[in-house]
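Asks: The structure is given below, and queries will be raised subsequently.
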Amino acid sequence: MGRVPSNTMINLGIQSECEEAMYQLGLDIENLEDMEEDAGLGNGGLGRLAACFLDSMATLGLAAYGYGIRYEYAGGADDWLRYGNPWEKARPEFMKPVHFYGRVIDTPEGKKWVDTQVVYAMPYDNPIPGYGNNHVNTLRLWSAKSPVDFNLKFCCMDRNLAENISRVLYPNDNFFEGKELRLKQEYFMVAATLHDIVRRYKASKFGSRENVRQHFDHFPDKVAIQLNDTHPSLAIPELMRILIDEEHLEWDKAWDITTRTCAYTNHTVLPEALERWPVSMLESILPRHLQIIYHINFLFMEKVAKQYPGDFDRMRRMSLVEEDGEKRINMAHVSIVGSHAVNGVAAIHSEILKKDLFRDFYEFEPHKFQNKTNGITPRRWLLLCNPGLSDLIAEKIGDEWPVHLEQLVALKKWAKDPNFQRNVARVKQENKLKLAQILEKDYGIKVNPASMFDIQVKRIHEYKRQLLNCLHIITLYNRIKKDPTANFTPRTIMIGGKAAPGYYVAKQIIKLICAVANVVNNDPIVGDKLKVIFLENYRVTLAEKIMPAADLSEQISTAGTEASGTGNMKSC
Ligand SMILES: *Cc1c(COP(=O)(O)O)cnc(C)c1O
């Protein structure tokens with residue numbers, strides 16, 4: 001999410017009043033802002049996309065909730081909650097029990113999941129204000145809490161084990177690590193969230209009917225659950241479990257409600273990123289969900305067999321259960337089968353899903369597949385982080401553009417106007433100067449603000465090809481050394497991004513960049529022509545400072561590997 005205050009003041013339209021009030025108190029608002037740690041509750045583009053969606057949905061006045069985990073430690077930085085979080089409000093009245101382990105028994109009333117271990121999910125609400133519309137949505141983050149009067153022997157996990165569930169964010173970007181604690185985190189969030197959604201629905205006039213068999217009829221018309229990748233895909237078997245075991249609906253009715261409620265956004269085609277949970281892990285931690293997934297698969301395989309009689313290879317490919325090697329559940333397959341809509345995040349990516357990754361599923365149910373091209377919120381990524389450019393735009397086309405971005409095409413009229421061009425260039429130069437000052441103050445690095453700022457900031461990953469960028473630096477260096485008098489546009493190349501702690505090659509790439517920087521930056525023959533900087537601790541707040549100062553934004557992944565990319569949209 002990044003920082004709260006500037007975004008809140010902008011969306012509430014009270015920025016100049018706040019700055020003035022602070023000034024009257026002898027305080028500099030920028031100094032205050034710099035004291036805040038980012039809420040870094042995700043790993044990269046996928047999490048930031050969700051944050052941008054929250055801003056946009058509030059701005060459109062949609063009644064939308066964001067749900068997530070209130071990680072105590074995230075982003076590798078220590079302890080962002082150390083001094084408390086003044087923007088959140090604990091809501092103990094909506095605390096939920098979440099069950100793990102246990103076994104399933106048959107009873108006259110149906111299946112029962114018993115002898116479970118319980119962890120409580122405590123919600124913390126974070127306000128998400130819309131831009132200039134008096135509308136505020138909620139981001140509800142769950143924190144794990146062991147029961148107050150817990151009895152170790154009979155009902156509960158060890159207090160520390162229980163509360164470890166929301167302790168730390170798994171730091172991988174685009175990589176699946178099939179760890180038990182991660183599975184528990186995913187189910188913890190899903191179970192607490194669905195409990196919350198069903199409670200809210202049942203409290204409404206639609207859900208409170210006396211007739212038990214009809215009171216969920218309106219559920220899919222009143223509730224839409226958008227799965228942000230497969231990470232919350234247990235929502236599908238969990239909603240089935242609630243409707244069948246707790247609300248006593250028939251399977252077919254529950255399945256109709258579930259598929260009409262859920263939709264799935266795919267964020268990557270990289271095979272190493274796709275979630276495939278070992279059956280053995282689900283069997284022990286979520287035995288009832290495994291049963292439900294097996295039954296979903298049984299019915300699905302019947303339908304596939306009916307459409308393609310004798311095509312056993314296709315059935316094997318489409319199964320939710322992978323049988324080669326260790327038995328695993330393919331969560332993308334669960335998500336497609338359990339949703340009424342499946343989308344990619346860019347036109348080319350959505351085509352790859354249909355033609356390649358999910359080809360069999362597209363052939364089977366083509367109507368489910370669609371595209372939703374990603375975007376970023378122009379409030380944080382232009383109005384907030386680039387006030388100079390925002391003012392120039394407003395001078396020409398007024399101040400409606402932050403909610404009507406299509407109006408920016410009206411700027412075409414001034415594209416060749418020398419005065420406008422000069423002003424845009426001046427703002428860019430001011431932004432570069434400001435970044436140069438920050439780099440000197442925070443990193444102790446001196447850069448030449450007259451040089452081209454060539455930036456590549458994103459998670460360190462082989463597919464993003466920071467290595468290619470590094471080879472380019474070496475090429476430029478060799479060119480200068482070969483002919484020091486040749487014409488050369490001075491460049492400052494900045495590469496920034498976090499490597500997952502367990503991603504050895506990513507760390508080697510960082511080490512190489514730093515080693516190359518060391519040679520290049522200290523060669524007197526190179527002088528001011530070429531400088532290389534590795535930017536540590538890349539995060540939303542640093543992105544807000546870098547993007548407005550970029551002359552060149554590097555987007556150089558191999559074709560088809562970056563599903564969407566949003567870093568590409570942030571510099572202007
Ligand atoms: C936008 C953003 C990303 C995503 O960048 P890509 O270039 O699309 O990978 C990652 N991290 C932060 C902090 C961002 O703001």
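The values are calculated or read from the model by the stated rules, or taken from the named source; none is laboratory data. Predicted model only: the values in this text are computed from it and were never measured. Here the Cβ is made from the backbone with ideal geometry for all residues, glycine too, and neighbour counts use every protein chain on show.
Asks: Here is a check on your reading of the model: is Lys303 in contact with a Gly (Cβ under 9 Å, 6 or more places away or on another chain), modelled with pLDDT of 95 or more, over 30 Å from Gln117 (Cβ atoms) and among the charged types (D, E, K, R)?
Replies: Numbers: in contact with a Gly (Cβ under 9 Å, 6 or more places away or on another chain): no; modelled with pLDDT of 95 or more: yes; over 30 Å from Gln117 (Cβ atoms): yes; among the charged types (D, E, K, R): yes.
Against the criterion (in contact with a Gly (Cβ under 9 Å, 6 or more places away or on another chain), modelled with pLDDT of 95 or more, over 30 Å from Gln117 (Cβ atoms) and among the charged types (D, E, K, R)), Lys303 does not qualify.
Asks: Of the residues Leu382, Leu389, which is in a helix (DSSP H, G or I), within 25 Å of Thr265 (Cβ to Cβ), in contact with a Cys (Cβ under 9 Å, 6 or more places away or on another chain) and not aromatic (Phe, Trp, Tyr)? Reasoning before the result, please.
Replies: Numbers: Leu389 fails: within 25 Å of Thr265 (Cβ to Cβ).
Exactly one residue qualifies, and that residue is Leu382.
Asks: Within segment 106-113, does at least one residue satisfy the condition of being crowded, with 18+ Cβ neighbours inside 10 Å, within 25 Å of His267 (Cβ to Cβ) and either within 16 Å of the ligand (Cβ to nearest atom) or more than 26 Å from the chain's Cα centre (by Cα) (or both)? Don't jump to the end; show me each part of the working.
Replies: Of segment 106-113, the ones crowded, with 18+ Cβ neighbours inside 10 Å are 113.
Imposing the further condition that a residue be within 25 Å of His267 (Cβ to Cβ) reduces the set to none.
No; the residues of segment 106-113 include none that is crowded, with 18+ Cβ neighbours inside 10 Å, within 25 Å of His267 (Cβ to Cβ) and either within 16 Å of the ligand (Cβ to nearest atom) or more than 26 Å from the chain's Cα centre (by Cα) (or both).
Asks: Regarding segment 151-162, can at least one residue be identified that is crowded, with 17+ Cβ neighbours inside 10 Å and at pLDDT 95 or above? Give the derivation first.
Replies: Applying the first criterion (crowded, with 17+ Cβ neighbours inside 10 Å) to segment 151-162 yields 156-157, 162.
Add one more test, that the residue is at pLDDT 95 or above, and what stays is 162.
Checked segment 151-162: at least one residue is crowded, with 17+ Cβ neighbours inside 10 Å and at pLDDT 95 or above.
Asks: Return the residues of segment 449-465 that are assigned to a strand (DSSP E or B) and among the basic types (Lys, Arg); say none if nothing qualifies. Even if it seems obvious, please write down each step before you answer.
Replies: Step one: of segment 449-465, the residues assigned to a strand (DSSP E or B) are 452-457.
Within segment 449-465, no residue meets the criteria.
Asks: Give me the residue from segment 63-92 that is farther than 16 Å from Leu141 by Cα and in contact (Cβ under 8 Å) with a residue 60 or more places away in the chain and, out of that set, nearest to the ligand (Cβ to nearest atom). Before you say what the answer is, go through the steps one by one.
Replies: Of the residues in segment 63-92, the ones farther than 16 Å from Leu141 by Cα are 63, 75-79, 82-83.
Add one more test, that the residue is in contact (Cβ under 8 Å) with a residue 60 or more places away in the chain, and what stays is 63, 75-77.
Values: Ala63: 26, Gly75: 9, Gly76: 13, Ala77: 13 Å.
Once the filter is applied, the top-ranked residue is Gly75.
Asks: May I pose another question? Please verify whether segment 340-359 includes one or more residues that are touching a helix residue (DSSP H, G or I) at 6+ places or on another chain (Cβ under 7 Å), among the basic types (Lys, Arg) and under 30 Å from Pro5 (Cα atoms). Break it down into steps so the answer makes sense when it comes.
Replies: To start, the set of residues in segment 340-359 that are touching a helix residue (DSSP H, G or I) at 6+ places or on another chain (Cβ under 7 Å) comprises 340-344, 354, 358.
Restricting the remaining residues to those that are among the basic types (Lys, Arg) gives 354.
Keeping just the survivors that are under 30 Å from Pro5 (Cα atoms) gives none.
No - not one qualifying residue is present in segment 340-359.
Asks: Hey, could you check segment 466-507 for residues that are polar (S, T, N, Q) and not in a helix (DSSP H, G or I) and say which is surrounded by the most Cβ atoms within 10 Å (Cβ to Cβ)? Lay out the reasoning, then the answer.
Replies: We begin by selecting, within segment 466-507, every residue polar (S, T, N, Q); these are 466, 469, 475, 478, 485, 487, 489, 492.
Okay, now just the ones that are also not in a helix (DSSP H, G or I), so 485, 487, 489, 492.
Numbers: Thr485: 6, Asn487: 5, Thr489: 11, Thr492: 25.
The selected residue is Thr492.
Asks: Among what's in segment 235-278 and is assigned to a helix (DSSP H, G or I) and of a type in the set (Phe, Trp, Tyr), pick the residue that is surrounded by the fewest Cβ atoms within 10 Å (Cβ to Cβ). Working first, answer last.
Replies: Filtering segment 235-278 for residues assigned to a helix (DSSP H, G or I) gives 235-246, 251-261, 271-273.
Going one step further and asking which of them are of a type in the set (Phe, Trp, Tyr), we end up with 251, 255.
On the way: Trp251: 14, Trp255: 21.
Among residues in segment 235-278 that are assigned to a helix (DSSP H, G or I) and of a type in the set (Phe, Trp, Tyr), the one surrounded by the fewest Cβ atoms within 10 Å (Cβ to Cβ) is Trp251.
Asks: Is there any pair linking a residue in segment 311-326 that is assigned to a strand (DSSP E or B) and surrounded by 16 or more Cβ atoms within 10 Å (Cβ to Cβ) to one that is modelled with pLDDT of 95 or more and not hydroxyl-bearing (Ser, Thr, Tyr), with Cβ under 6 Å and at least six apart or on different chains, and which?
Replies: Final answer for the pair search is Val321/Asn297; Glu322/Arg328; Glu322/Asn330.
Asks: Hey, does segment 200-220 have a residue that's in a helix (DSSP H, G or I), under 18 Å from Arg140 (Cα atoms) and without any contact (Cβ under 8 Å) to a residue 12 or more places away in the chain? Give the steps one after another, and end with the answer.
Replies: If we filter segment 200-220 for residues that are in a helix (DSSP H, G or I), which is where we start, we get 200-203, 219-220.
Still in the running and under 18 Å from Arg140 (Cα atoms): 200-201.
If we keep only those that are without any contact (Cβ under 8 Å) to a residue 12 or more places away in the chain as well, we get 200.
Yes, there is a match, as at least one residue in segment 200-220 is in a helix (DSSP H, G or I), under 18 Å from Arg140 (Cα atoms) and without any contact (Cβ under 8 Å) to a residue 12 or more places away in the chain.
Asks: Same structure again: Could we say that Glu351 is loosely packed, with under 15 Cβ neighbours inside 10 Å, under 25 Å from the mean Cα position of the chain (by Cα) and in a helix (DSSP H, G or I) here? Step through it out loud before you land on a result.
Replies: Details: loosely packed, with under 15 Cβ neighbours inside 10 Å: yes; under 25 Å from the mean Cα position of the chain (by Cα): yes; in a helix (DSSP H, G or I): yes.
Yes: the conditions hold for Glu351.
Asks: List every residue pair whose Cβ atoms sit under 7 Å apart, with the two residues 6 or more apart in sequence or on different chains, where the first one lies in segment 43-58 and is farther than 16 Å from Asn126 by Cβ and the second, anywhere, is more than 13 Å from the ligand (Cβ to nearest atom) and not aromatic (Phe, Trp, Tyr).
Replies: The qualifying pairs are Asn43/Asn172; Leu46/Asn228; Leu46/Asp229.
Asks: Looking only at segment 548-572, filter to residues that are out of contact with any strand residue (DSSP E or B) (no Cβ under 6 Å at 6 or more places or on another chain) and in a helix (DSSP H, G or I); which one of those is farthest from the ligand (Cβ to nearest atom)?
Replies: Among those residues, the one meeting the criterion is Pro548.
Asks: From the residues in segment 130-150 that are at pLDDT 95 or above and in a loop (DSSP other than H, G, I, E, B), which one is nearest to His195 (Cα to Cα)?
Replies: By that ranking, first place goes to Ser146.
Asks: Next question, about the same structure. Scan segment 14-63 residue by residue and report those that are acidic (Asp, Glu), in contact with a helix residue (DSSP H, G or I) (Cβ under 8 Å, 6 or more places away or on another chain) and surrounded by 13 or more Cβ atoms within 10 Å (Cβ to Cβ). So that I can check it myself, show each step before the final result.
Replies: Residues of segment 14-63 acidic (Asp, Glu): 17, 19-20, 28, 30, 33-34, 36-38, 55.
From what's left, in contact with a helix residue (DSSP H, G or I) (Cβ under 8 Å, 6 or more places away or on another chain): 19, 28, 33, 36, 38, 55.
The answer is Glu19, Glu33, Glu36, Asp38, Asp55.
Asks: So, one more: Taking Ala515 as meeting all but one of (1) more than 16 Å from the ligand (Cβ to nearest atom); (2) touching a residue at least 40 places away in the same chain (Cβ under 8 Å), write down the number of the exception.
Replies: The single condition Ala515 does not satisfy is (2).
Asks: Would you call Lys446 assigned to a loop (DSSP other than H, G, I, E, B) and over 28 Å from the mean Cα position of the chain (by Cα)?
Replies: Working: assigned to a loop (DSSP other than H, G, I, E, B): yes; over 28 Å from the mean Cα position of the chain (by Cα): yes.
So Lys446 fits the description; yes.
Asks: Among what's in segment 529-547 and is touching a Phe, Trp or Tyr at 6+ places or on another chain (Cβ under 9 Å) and within 26 Å of Ser6 (Cβ to Cβ), pick the residue that is nearest to the ligand (Cβ to nearest atom).
Replies: Ala543
Asks: Does segment 93-107 hold any residues that are touching a residue at least 24 places away in the same chain (Cβ under 8 Å) and β-branched (Val, Ile, Thr), and which are they?
Replies: Val98, Val104
Asks: Pairs needed: first member in segment 460-478, within 13 Å of the ligand (Cβ to nearest atom); second member anywhere, assigned to a helix (DSSP H, G or I) and not charged (D, E, K, R); C-beta distance under 8 Å; at least 6 residues apart or different chains.
Replies: Every condition considered, the pairs that remain are Ile460/Gln466; Ile460/Ala506; Ile460/Ile509; Ile460/Ile510; His461/Ala506; Gln466/Ile509; Gln466/Ile513.
Asks: May I pose another question? Identify, please: which residue in segment 398-443 is of a type in the set (Asp, Glu), surrounded by 12 or more Cβ atoms within 10 Å (Cβ to Cβ) and without any contact (Cβ under 8 Å) to a residue 24 or more places away in the chain and is, among those, farthest from Glu544 (Cα to Cα)? Outline the logic, then answer.
Replies: Pass one, segment 398-443, residues of a type in the set (Asp, Glu): 399-400, 406, 417, 430, 440, 442.
Within this subset, residues satisfying the condition of being surrounded by 12 or more Cβ atoms within 10 Å (Cβ to Cβ) are 399, 417, 430, 440, 442.
Then keep just the ones that are without any contact (Cβ under 8 Å) to a residue 24 or more places away in the chain; that gives 399, 417, 440, 442.
Details: Asp399: 21, Asp417: 28, Glu440: 17, Asp442: 15 Å.
My answer is Asp417.
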